[in-house]
Amino acid sequence: MSSPSDQPNNPLHGITLRAILEDLVNRRGFDELGRLIPIRCFTHDPSVPSSLKFLRKTEWARAKVESLYLKDHRTLERKRARNQARAERRRIAAASPETPSDAEDEQP
């Protein structure tokens, strides 16, 4: 079995197809998955086991699902970083001793 250091450039290394599919279904649901990736296993009587069976046999469909998963996680990381930066700016602004209106009142 290969270790994570064997595939440093593979962002999906160590993540199972089941975990990818369950994550997408939990965040987006089968309705949205069927709209984004119009394959029958997402649009007609969808379930995780039937979708896994199809995706394991069909490379092009699996590639689309993996691509959507990676895109979602890049978006989540950008949002997380942006929110952390905003929280830090708010913390700094709240800790500053002087506000602009206070500075105007003190000038002669």
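Quick notes on this one:
- Helical content alone sets the calculated 222 nm signal of the chain at -24000 deg cm²/dmol, taking -39,500 (n - 2.57) per DSSP H segment of four or more residues and averaging over every residue.
- Simple label model, 7 Å out from Cα along Cβ direction - D72 to R56, nm: 2.1 nm
- Spacing of the modelled spin labels on D23 and H44, each 7 Å from Cα toward Cβ, amounts to 3.0 nm.
- The mean sequence separation of alpha-carbon pairs under 8 Å and at least six residues apart, normalised by the residue count of the chain, gives a relative contact order of 18 percent.
- Kirkwood Rh (inverse of mean 1/r, distinct Cα pairs), the stretch 15-92, angstrom: 13.7 Å
- Summing Lys and Arg as +1 and Asp and Glu as -1 over all other residues whose Cβ lies under 15 Å from the Cβ of D45 gives a net charge of +1.
Coordinate-derived values only; no laboratory data. For clarity, every value in this text was computed on a predicted model and none was experimentally measured. Note that each Cβ is placed from the backbone with ideal geometry, even for glycine, and that neighbours are counted across all protein chains shown.
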